[in-house]
Amino acid sequence: RTLIKATGITAASVAAPLKLAYGQNAEFTFKYANNQPPQHPMNVRAKEAVEAIKKETNGRMDIQLFPSNQLGSDTDTLSQLRSGGVEMFNLSGLILSTLVTPAALNGLGFAFPNYDTVWKAMDGDVGAYIRAQIAKANLHTLDRIWDNGFRQTTSSTKPINSPADLEGFKIRVPVSPMWTSMFKAFGSSPISINASEMYTALQTKVADGQENPFAVISNFKLYEVQKYCSLTNHMWDGFWTLINRRAWDRLPPDVRDIVTKHINAAAVKERVDVAANEATLQKDLTAKGIVFNSPNTAPFRDKLRSAGFYAEWKGKFGDEAWAVMEKYTGKLG
Ligand code: X2X
């Protein structure tokens, strides 16, 4: 005590460096949830980012990552995010659309021809439009959307070659009106099931098929319960990083900037990882027994058009949102 007084060091200034040195007792702690297994590039890059954030904030900001829906299904976790039980969540925009309808815009059937158009739209005006709508629901969204991917259709019973093969097909879809509406337009029997229950639903034949990008088919081990994979590329889906508004507002601006910088950078790296894996994953899945086929997708799009799918969604999204999408995709429907 005498020594501290004599040197002018206060208790606070002694305690602070100790905290920094050992990285304990973080000032801010966030739970950060997602639905992907730990090996998915999203979790690999998110883990690097939370470590970098801890380091650059000298331990002030501690983000704990919870992969594989450890905190609850996507639907549950969205409720927890809104109440503040979970502070951060990577969620598909289409599932978020149960709360914010325009977040499903990018899921419009066959809207994007390739990744180039996806990133232009999502890093451009489509993304900005969606984030502005999400902000109205009291959630903060980081700028860079993570890649889930172009979705392919798998089945335990038969390959999907034409829209007729989808008629009466029992297909698991995520819990979101866009998916239900699309597969109803195909004449299928869509069953809404969260990702955390997907494997079991396929294993027990509650559903005969599902649709997801290669990375999900592989990381969720769907090759154990599915035989065929049809390259339908019927929609592109990504994950927004959503943050509870009150939790975000509690962070000092310098910490917010560090979080924003590292999570956005991680999302961009994850996009590159997912793209790099695509070619090898198809080979891996073939080796695991999956049989691939490449249907002509034009008749699928025609079927959605004639079933009134585009007209229905143009009405739901409104002319402004529709025009923002068409700036990138050309005429929809
Ligand atoms: O639930 C799914 O199918 C998944 C993993 O693709 C989403 O997060 C929408």
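So how far apart, in nm, are the two label points at VAL206 and LYS47 if each is 7 Å from Cα heading toward Cβ?
Between VAL206 and LYS47, the simple spin-label model gives 2.9 nm.
If the elastic network links every pair of Cα atoms under 10 Å, which of ARG151, ARG82, ARG250 fluctuates the most in the Gaussian network model of the chain?
Per the Cα network of the chain with a 10 Å cutoff, ARG250 tops the list.
Tell me what the chain gives for mean residue ellipticity at 222 nm when only DSSP H runs of n ≥ 4 count, each as -39,500 (n - 2.57), the sum divided by the residue total, rounded to 500 deg cm²/dmol.
Rounded to the nearest 500, the figure is -14500 deg cm²/dmol.
Report the antiparallel proportion of the DSSP beta bridges in the chain as a percent, rounded to a multiple of 5.
DSSP beta bridges in the chain are roughly 55 percent antiparallel.
Computed over the Cα atoms of the chain, what is the convex hull's projected area averaged over all directions, in nm²?
Taking the Cα atoms of the chain, their convex hull projects to 18.3 nm² on average.
What is the gain in length, in nm to one decimal, between LYS158 and ALA135 on full extension, counting 0.36 nm per residue of separation less the C-alpha to C-alpha distance?
4.0 nm
For the chain, what is the accessible area per residue in Å² when the probe is 1.4 Å?
Result: 42 Å² per residue.
What dipole magnitude, in Debye to the nearest 20, does the chain give about its Cα centre under +1 on Lys/Arg Cβ and -1 on Asp/Glu Cβ?
Using only the charged Cβ atoms, the result is roughly 520 debye.
Would you be so kind as to identify which of ALA215, PHE150, ALA267 lies farthest towards the positive end of the dipole of the chain, taking Lys and Arg as +1 and Asp and Glu as -1 on Cβ and the Cα centre as origin?
Toward the positive end, the furthest listed residue is ALA267.
Between segment 307-333 and segment 43-82, what is the C-alpha centre distance in whole Å?
34 Å
Report the gain in length on full extension from ALA275 to THR98: 0.36 nm times residue separation, minus Cα-Cα distance, nm rounded to one decimal.
60.9 nm
Gap in Å between the Cα centre of segment 235-255 and the Cα centre of segment 128-184?
22 Å
Roughly speaking, what is the stretch gain from LYS221 to ASP257, that is 0.36 nm per residue apart minus the C-alpha to C-alpha distance, in nm to one decimal?
Between LYS221 and ASP257, full extension yields an extra 9.3 nm.
State the percentage of accessible surface on segment 190-321 attributable to carbon and sulfur atoms; use a 1.4 Å probe and exclude ligands, DNA and RNA.
Here carbon and sulfur together make up 52 percent of the probe-accessible area.
What distance in nm lies between label points placed 7 Å from Cα along the C-beta direction at GLU320 and ASN114?
Here the answer is 3.3 nm between the modelled labels.
Going 7 Å from the Cα of THR29 toward and past its Cβ, which residues in segment 219-243 have a backbone nitrogen under 20 Å from where you end up?
Residues passing the 20 Å test: 243.
So if I place +1 on the C-beta of Lys and Arg and -1 on the C-beta of Asp and Glu, and nothing else carries charge, what would the dipole magnitude of segment 166-261 be about its Cα centre? I want it in debye, nearest 20.
180 debye
Could you tell me which of the pairs LYS54/LYS120; LYS31/LYS269; LYS261/LYS331; LYS55/LYS120; LYS221/LYS331; LYS120/LYS331 are separated by over 26 angstrom between their Cα atoms in the structure shown?
Table pairs above 26 Å Cα-Cα are LYS54/LYS120; LYS261/LYS331; LYS55/LYS120; LYS221/LYS331.
The values are calculated or read from the model by the stated rules, or taken from the named source; none is laboratory data. In this text, all values refer to a predicted model and were calculated from it rather than measured experimentally. Ideal geometry is used to build each Cβ from the backbone, glycine not excepted, and the neighbour counts take in all protein chains shown. Surface accessibility is based on the protein's heavy atoms, side chains included, excluding ligands, DNA and RNA. Shrake-Rupley method; radii C 1.70, N 1.55, O 1.52, S 1.80 Å.
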